[in-house]
Amino acid sequence: MKQLLTHGTSVRMASLFFSCLIFYACSKENDELQPGGDNPPGQEETRTPLPFSQLPERTRTLNVPENRTYVNVMEKQRPQLPGFKSLAVKPGTLRGFVKDVFGRPLKDAEIGVRSSIAGGLYSSATGRTNQQGYYEITVPVGNTEIWGGKLNMSYEGGQAFTSLFPADSALDEFVSTRGSVKNFVLLPYGNGRPDEIAKAPQWPTSYMGGSIHLSYNLRTESLPLPGSFPVGSVIVIKLTPLDLVHADEKVTFIIKKPVLNNQLYINNIPLGRYEIMLETSDGKPITMHESINLKDLFGIRPKHALHKAEVTFIPGDPESLVWFGNWKEVPLNIELN
């Protein structure tokens, strides 16, 4: 009887051991394509966004130097980035995850690569994310770079191809046979490639947020044009959020620009819809009208306004480069009333 019990116990233990092995193997296989995993505790978790009405509010005032033609309204601030599951590198493959800033997986994001071989010829390949935000691309043979990263997202009643941001702030080339892992985030604002900002800090594509471009005439004694601005006067722009994309806070911007040149790029505005108010520092209202805009659904409403209007940002072209902003500036010609 003792031998039988021992034998039965051994059989059950062996059965349990092999069951655990099978379960562990299946779990590892399935876990490989799922979000969450090996990041520090809590980082891989999905955050719940607050409704717009419950977002904390603040005001940021920016004084633009009179000789400068641009301002980055969020400066070096960037949204909190989500954590990502660790993935092993697979030879001949680029793979990773795409999420929003709250850690939610993004389906149908598109990543593009190209590989060069002897003679300067290029071969390209693309991949799309699945329901878990996971993508995997078989990479063409050669030295490989990631050139494309975008999501066609819903934005203020329309669609917008939005560029993706590399989660580790790097886009190194790699040898296709070795493979690589690269995760991406959809940012509502933030600085783009550092080399592009250093080269062209005024261009909207240097930033992940939206942009507004003000053009105006200078008033001189020899040419006092109607609607022109006297040199030394101050233009005050107030942007109040009415709706935001993936936001943790509501920031109202007050931008003050002394007149010395004839334009101002307002860059890196968190994506959403805003009320824009224009006046001089002594309270005189400013007239604004939209210049050339091929996407009439976006821009200002109404297209010609005195003092106040609503503004949405203008999406860029479908061929979106990764880590470059893909929002065209809202072009406004302004006049002193």
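The values are calculated or read from the model by the stated rules, or taken from the named source; none is laboratory data. Since the structure is predicted, the reported quantities are computational estimates derived from the model, not experimental observations. Virtual Cβ from ideal backbone geometry, glycine too; neighbours counted across all protein chains shown. All accessible areas refer to the heavy atoms of the entire protein, side chains included, with ligands and DNA or RNA removed. Shrake-Rupley method; radii C 1.70, N 1.55, O 1.52, S 1.80 Å.
Looking only at residues that are hydrophobic (A, V, I, L, M, F, W, C), in a loop (DSSP other than H, G, I, E, B) and in contact with a strand residue (DSSP E or B) (Cβ under 8 Å, 6 or more places away or on another chain) in the range 194-217, which one is surrounded by the most Cβ atoms within 10 Å (Cβ to Cβ)? Per the criteria, the residue is MET208. Comparison of ILE292, ILE286 shows that the only residue that is open to solvent by 10 Å² or more (accessible area, probe 1.4 Å) and among the β-branched types (Val, Ile, Thr) is ILE292.
The listed residues are GLU57, GLU75, GLU66, GLU44, and the only one of them that is at pLDDT 50 or above and at positive phi turns out to be GLU75.
Of all the residues in the range 87-122, those that are of a type in the set (Ser, Thr, Tyr) and modelled with pLDDT of 95 or more number 2. Looking across THR252, THR240, one residue alone is part of a strand (DSSP E or B), open to solvent by 10 Å² or more (accessible area, probe 1.4 Å), among the polar types (S, T, N, Q) and without any contact (Cβ under 8 Å) to a residue 40 or more places away in the chain. It is THR240. Residues being in contact with a Gly (Cβ under 8 Å, 6 or more places away or on another chain) and among the hydroxyl-bearing types (Ser, Thr, Tyr) are represented in the range 111-121 by at least one member. Residues that are part of a loop (DSSP other than H, G, I, E, B), within 18 Å of LEU214 (Cα to Cα) and of a type in the set (Ser, Thr, Tyr) within the range 289-327 comprise just one, SER291. In the range 262-288, the qualifying residues are those that are in a loop (DSSP other than H, G, I, E, B) and over 17 Å from LEU62 (Cβ atoms), and the one that is nearest to the chain's Cα centre (by Cα) is LEU271.
Quick check on my filter: what residues within the range 201-236 are aromatic (Phe, Trp, Tyr) and farther than 21 Å from PRO270 by Cβ?
TYR216, PHE229
Looking at the range 266-283, is at least one residue at positive phi and either touching an Asp or Glu at 6+ places or on another chain (Cβ under 9 Å) or open to solvent by 60 Å² or more (accessible area, probe 1.4 Å) (or both)? Yes: one or more hits. So, in the range 156-193, exactly how many residues are part of a strand (DSSP E or B), touching a Gly at 6+ places or on another chain (Cβ under 9 Å) and open to solvent by less than 10 Å² (accessible area, probe 1.4 Å)? Summing the residues that are part of a strand (DSSP E or B), touching a Gly at 6+ places or on another chain (Cβ under 9 Å) and open to solvent by less than 10 Å² (accessible area, probe 1.4 Å) in the range 156-193 gives 6.
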